[in-house]
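To start, the structure itself, in structure tokens.
What follows draws every value from the coordinates through simple rules; no lab data is involved. Remember, it's a predicted structure, so these values are computed and weren't measured experimentally. Reconstructed Cβ throughout: ideal geometry from the backbone, glycine too, with neighbour counts over all protein chains shown.
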Amino acid sequence: MEGFEWLRKLRSSMGKSKASEPDSTWPEWYQRYFRATPNKPADEVPLEELPIVIIDAETTGLDVKKDRLLSIGALRALGNSLQIADHFEGYLPTPPDQQDARAVHIHGIIPGSRRYDYLEEEELMEGLLEFIGERTIVGHHIGFDVEMINRALERLGAGPLRNRVIDTADLAKRIQPSGYWSPPEKYSLDTLARRYRIPLSDRHTALGDAYITGVLWLKLKGRLLEKVGRALTVGDL
């Protein structure tokens, strides 16, 4: 069960984030975010009226204990529209001890490359939280991204993310449940993008993957509407 320790910690931290008063030891930018997110959206809010932010993170690896964030991409959505012009993107320099050639082959972020305007971790987190606000977070296997962000926030003396979270992988499973022997790859972003005829341009860039996930979210939401035959609310998910 050791491999799931980060998931248990994530669930615990999300519960702790319901405190009603900000902690005076938190950075001022996190206190502003805390005050701007007093409550999660009510269950009766229609999905078509729910402000969404789609998030993807590129990291040095998949170990939440030792790996670090490299870049985060996010864009907003409302109803059946992705607000492409309204996006967030930020890069962090690769730590010297995390320069793994195998990871670079996947995400393409070359350590020290001059093509990026690197931010400090605190600057990235401050900008991200301002962009997220009180919107519901959508992502693919989003628990990993949220945990990586929460660990960065913890390093900065801040609290965790407080937003409601929706995983497009989970939604895909509800639409087309897996069989007993179904491989995990059946619900990978690549597989689902091909299934729903979504172009895989800019794959493995944070903003590119956020866009692909955003299109997948709209398609899955449409399929769910067809399946239930009525309008959906946050509570239905």
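Evaluate the distance, in nm, between pseudo-label points positioned 7 Å from the Cα of Glu49 and of Ile175 along their respective Cα→Cβ axes.
Going by the 7 Å Cα→Cβ label model, 2.5 nm.
Using a basic spin-label model with each label point 7 Å from the Cα along Cα→Cβ, how many nm lie between Lys65 and Ser20?
According to this spin-label approximation, the distance is 3.8 nm.
How do the peptides 21-29, 169-177, 54-62 rank, highest first, by the average count of neighbouring beta carbon atoms within 10 Å per residue?
The peptides rank, most packed first, as 54-62, 169-177, 21-29.
Mind ordering 39-48, 71-80, 154-163 by average Cβ neighbours within 10 Å, highest first?
71-80, 154-163, 39-48
Counting only other residues whose beta carbon sits under 10 Å from that of Ile72, what net charge do I get with K and R as +1, D and E as -1?
Every neighbour counted, the sum reads -4.
Add +1 for every Lys or Arg and -1 for every Asp or Glu among the other residues with Cβ under 14 Å from the Cβ of Leu218, and state the total.
Net charge in that neighbourhood comes out at +3.
Between Arg230 and Gln31, what length in nm is gained on full extension when 0.36 nm per residue of separation is reduced by their alpha carbon distance?
67.7 nm
Just order 124-133, 208-217, 186-195 by mean Cβ neighbour count inside 10 Å, highest at the front, would you?
208-217, 124-133, 186-195
Once R0 is set to 41 Å, what does the formula 1/(1 + (r/R0)^6) return for the Cβ-Cβ distance between Glu185 and Asp117, expressed as a FRET efficiency to the nearest 0.05?
So, using R0 = 41 Å, E works out to roughly 0.75.
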